[in-house]
1. If Rh is defined by the Kirkwood formula over all Cα pairs and Rg also comes from Cα, what ratio Rg/Rh do you get for region 220-277?
2. Give me the mean projected area, in nm² to one decimal, of the convex hull enclosing the Cα positions of region 542-585.
3. Taking just the C-alpha trace of region 350-476, give me its Rg and Dmax in Å.
4. Kirkwood hydrodynamic radius, region 14-127, all distinct C-alpha pairs: what's the number in Å?
5. For region 654-700, what are Rg and Dmax over the alpha carbons, in angstrom?
6. Could you rank the peptides 81-93, 175-187 by their average count of other C-beta atoms within 10 Å per residue, with the highest value first?
7. Assign unit charges at the C-beta atoms only (+1 for Lys and Arg, -1 for Asp and Glu), then state the dipole size of region 86-147 relative to its Cα centre in Debye, rounded to the nearest 20.
8. What's the magnitude of the charge dipole for region 508-662 around its Cα centre, counting Lys and Arg as +1 and Asp and Glu as -1 at the beta-carbon? Answer in Debye, nearest 20.
Amino acid sequence: MPETVLRNGDTSNAAELSFDDFREIVINDYRVGFESRQASIIGRREVLTGKAKFGIFGDGKEVAQLAMAKAFRKGDWRAGYYRDQTFMFATGMSNLKEFFAQLYANPDIEKDPASAGRQMNCHYATRYVNADGSWVNQAETMNCAADISTTGGHMPRLLGLAYASKLYRQNKELEYLKNFSINGNEVAFGTIGNGSTSEGLFFEAFNAAGVLQVPMAISIWDDAYAISVPAKLQTTKEDISEILKGFQRDKGTNGYEIFKVRGWDYVALCETYERAIKICRDEHVPVLIHVTEMTQPQGHSTSGSHERYKSKDRLTWEDEHDCLVQMRKWMIQSAIISAEEMDLLESNAKKYVRECQREAWNELENEIKAEMAIAVELINQMSQQSAHKEGLQSIISLLHACVDPGRRDTIAYVRKALRLTIGENTGEREALVNWLNEENVKNKERFNSKLFSDTPQSPLYVPVVAAEYADDARILDGREVLNACFDANFERDKSIVAFGEDVGSIGDVNQGFAGLQNKYSDLRITDTGIREATIVGQGMGLAMRGFRPIAEIQYLDYLLYSITVLSDDLASLSYRTRGGQKAPLIVRTRGHRLEGIWHSGSPLGLILNSMRGIHVCVPRDMTQAAGMYNTLLRGDEPALVIECLNGYRLKEKLPANVGEFTVPLGKAEILREGTDVTIITYGSTLRIVMEAAEELEKMGIYIEVIDPQTLYPFDTENICGRSLQKTNKLLVIDEDIPGGGSAYILQKVIEAQNGYYSLDAQPKTLCAAEHRPPYGSDGDYFSKPSLDDVIETVYKMMNEANPGKYPAIY
Ligand SMILES: Cc1ncc(C[n+]2csc(CCOP(=O)(O)OP(=O)(O)O)c2C)c(N)n1
Ligand SMILES: [Mg+2]
C-alpha cells in the first residue's frame with residue numbers, strides 16, 4: 001500500500017529547496033489531498049448504497065489541513081472535529097484503510113484503531129494506552145485526542161492538552177516524565193467549524209488559553225455555514241476573527257496572535273501555519289488561524305443535500321473556489337506538474353482509494369460471513385433431528401438472503417432458531433447454544449467493553465491499606481485531615497496538580513489546600529477563572545498527558561456547568577476508544593447540604609445517569625475522602641469525589657499514614673449493626689441516621705446502617721443484599737429528589753443483588769423535596785431529610801409490620 005503521509009519538507013522555505021524537491025513535495029501534498037477527496041466521495045456513496053450508516057467528510061477542507069500537517073511534529077496533539085481526515089492522513093495518524101474500516105463500523109482495533117467501530121466515521125484518535133495500561137511514549141508519537149460528535153465539546157480538553165506543555169516547560173521537577181514531553185515544546189492543535197464557535201465552550205476555552213498563555217493553535221474551518229444556518233445567524237459581523245480581535249496581544253499584554261487566510265490558497269496557508277505554529281511553540285502564545293472561504297462540495301453530511309439551502313450563486317462560487325481545484329490550477333500554471341501528469345496522478349489515486357475501500361469492506365465482511373457459515377451449519381445439523389426442520393431451514397434461507405449481513409443478523413437468527421426449538425434437548429442444539437455463548441462473549445468484548453480502563457492499573461486493584469492511628473493521634477478539623485493527605489501526596493508524586501476557583505492562594509474555600517501553594521508553587525496548586533467546563537477540560541487534557549490532576553469544582557451545584565465535558569468527553573473516553581485512551585482525572589467537589597438553593601445540591605441521580613465511565617465517591621467524612629484520594633491517585637481511572645459541605649470543621653482523628661491508607665472503591669461498610677431495618681445512606685445524611693439510630697434504639701428498634709461509600713462502583717460484595725437477609729426491610733435515604741440517586745440504589749439492591757427475595761415489607765426511600773432547598777435552617781429542615789423524618793420513617797415501617805407493638809406516633 002503506498003504511503004499517504006506527507007513527506008517532511010516545507011514549501012514555505014522553498015528558497016532553500018531545489019525546484020525538484022519543492023515540486024515533489026507539492027505534488028505529494030496534492031496527491032494526499034486528492035486521495036482524501038476520493039475517500040469522501042466514495043464514502044458518501046457507500047452510505048447512500050446502504051453499506052454504511054452515516055457519513056460526514058472533510059471535502060472542501062483539504063488544503064488547509066495539508067498546511068497544518070506540515071507544522072505538526074512528534075509530541076504534538078490534535079483535538080478536533082469530523083472534518084480532519086486529510087490532516088490525519090497527511091500526518092500518518094490515520095490512513096485510508098482505517099477510514100473505511102471506521103465507516104463500516106469494524107469493531108477490530110487493528111482495523112479501526114481510533115474507535116473499534118464505536119464512533120461515527122471521521123472521529124479520530126491515536127492509541128496511547130498499551131494493553132497492560134501503560135502509556136506509550138507520547139513524546140515520540142504524533143497524538144490525537146479522541147474526537148466527540150458534539151461540536152465544540154472538545155475545546156475544554158484542548159485547553160488542558162496545551163496547558164500540559166506549559167507545566168512541562170516551566171516546572172523543572174517534571175523532567176523525569178520524558179515519555180510525555182520534551183521541555184513543553186508540544187503544540188495542541190485544535191480545529192472547530194465556524195458555526196460551532198457560537199458555543200459557550202469555545203469562548204470559555206478561548207479566553208482561558210489567553211489568560212494561561214498556552215501553546216494552543218486553534219484553526220477555524222470557515223465554510224460560512226453550520227448545516228443550513230448561514231454565518232449571519234451564527235456570528236456577530238459574520239466574521240469570528242474580526243470579533244476576536246480584542247484578544248490580539250499587544251506589547252506588554254498577554255493574548256493571541258490571530259491569522260486569517262483563505263482555505264484555497266496553498267502557499268499562503270503553508271506560510272501562515274509555519275509562522276503561527278513557530279510563535280505558538282517557541283513562545284507559548286496561543287494562536288488563532290481563521291481559515292475562510294472553505295467549501296462543502298458534497299454538503300454537510302449524508303443526512304441531506306445542501307442544494308436545499310444554498311443559493312445557486314453560492315454553489316457556483318463553491319465549485320470555483322474548491323481548494324483542490326484551485327491548488328490544481330496553481331500547480332499547472334506554475335509548471336509544477338503538467339496537465340497529463342496530473343491526470344495520471346488523479347486516476348492512480350482514484351484506483352488506490354477504491355482498492356483501500358474494497359479491502360476494508362472485504363476484511364469485515366469475510367469475518368462476518370465466516371461466522372454466519374458456522375451458524376448455518378450448526379442450525380442445519382440441528383434441523384436434522386428437529387420437529388421444526390422446515391422452520392429451521394427457512395431461517396437458513398433467510399440468513400443466506402441477507403444483503404451485506406451484519407453480526408446481528410447471524411445472532412438474531414440463531415436466537416430465533418433456539419426459540420423455535422425450545423424443549424428439544426439434542427446434542428446438535430447444545431452445540432448451537434455453546435457457539436452462541438462463545439459469540440456472546442466475543443460480542444460483549446467487541447461492543448460493550450472498556451467503559452473503564454480496566455487494566456492492572458485500575459484503582460480497583462490498588463492494594464487496600466488500613467488507616468493507622470497513633471495512641472496520641474491528633475484530633476483535627478476534617479479539612480486539616482484532607483490537607484495532610486494532599487500534602488503527603490504532593491510530596492510523593494510530582495505529577496499531581498490541583499486547580500480551581502480559589503484553590504491556589506487561599507487553598508480552596510474550605511482550606512483543604514491551605515498552605516500548599518506556598519510549599520509546592522503556583523504551578524502545582526493553582527487558581528483559575530470561574531469556568532467549570534474548562535476546569536474539567538484542563539484536568540482532562542493534563543490527565544491524558546501524564547499528569548495526576550485534581551480539578552476542583554467549588555460546589556457540587558456548579559458541576560452542571562461542566563457536565564457536558566464530564567458526560568460527553570471524560571466519561572466516554574475509554575469506551576469510545578476501546579481502551580486506547582484514558583484520562584485519570586479526579587474531580588473534587590463538595591455538596592449535599594449547607595444553605596440555599598445553590599449551595600445544598602445533591603443531584604446524584606443526574607450524576608449517575610450521565611457519567612457512567614467515571615467513579616462516583618461519596619465519602620461520609622474527610623478521613624474517608626482522604627482514603628479515596630489515596631486510592632484514586634494510585635489508579636488510572638477518572639473519578640468524582642463529593643465531600644460533605646458541612647463536614648470540614650467536624651473533628652476527626654488524624655491517621656498516622658494519612659497519605660498512604662486507602663479506601664477501596666465499591667466496598668460498602670456497615671457502620672452500625674441492627675436487626676430491624678437496613679438503612680443505606682451516604683454523605684451528609686449518614687451522621688443524621690447514626691444519630692437517629694440512638695433514639696430508635698431507645699424505642700426498641702435496631703437499625704443496620706450501611707455506607708456504600710462509592711455509588712459507582714456500588715457495593716461489589718453484596719453487603720447490602722446480605723443485610724436484607726437479616727432485617728428483611730430496606731430504607732434508602734439520600735438528599736437527592738425522590739427517584740434520583742435512591743432509585744439507582746434500589747435497582748442495585750433489589751434487582752442486581754436479589755434483595756427482593758429477602759423483603760417482607762415494601763422497600764422505602766426517604767429523600768429531599770422535589771425542589772431545591774430554600775435558604776436558612778428552616779428551609780433545610782422542611783426540604784431535606786431531618787433527624788425527625790428518619791426516626792418517623794423507620795418507626796412507620798415498624799408500625800406497618802407490627803402495629804400492636806409499634807402503635808402510630810400521631
Ligand atoms: C453540541 C452539538 N450541537 C449540535 C450538533 C449537531 N450538528 C452537527 S454538525 C453541526 C454544524 C456544525 O457546523 P460548523 O461548526 O460550521 O462545522 P461544519 O460542519 O460546517 O464544518 C451541527 C449543528 C452537534 N453535533 N453537537
Ligand atoms: Mg461550517
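Every number in this text was worked out from the coordinates using simple rules, so none of it is lab data. Note that the coordinates shown come from a computational prediction; the quantities given were computed from them, not determined experimentally. As a convention, Cβ positions derive from the backbone with ideal geometry for all residues, glycine included, and neighbour counts pool all protein chains shown.
1. Working: Rg = 13.6 Å, Rh = 13.2 Å.
With Rh from the inverse mean 1/r over Cα pairs, Rg/Rh is 1.03.
2. Details: hull surface 12.7 nm².
For region 542-585, averaging the hull's shadow over all directions gives 3.2 nm².
3. 24.5, 82
4. Numbers: mean 1/r = 0.0682 Å⁻¹.
Here the Kirkwood hydrodynamic radius works out to 14.7 Å.
5. Radius of gyration, then largest Cα-Cα span, for region 654-700: 14.1, 42 Å.
6. Values: 81-93: 25.9, 175-187: 18.0.
In descending order of packing, they fall as 81-93, 175-187.
7. On the way: 4 positive and 7 negative charges, 25 e Å.
In total the dipole reaches around 120 debye.
8. Values: 17 positive and 15 negative charges, 69 e Å.
It comes to approximately 320 debye.
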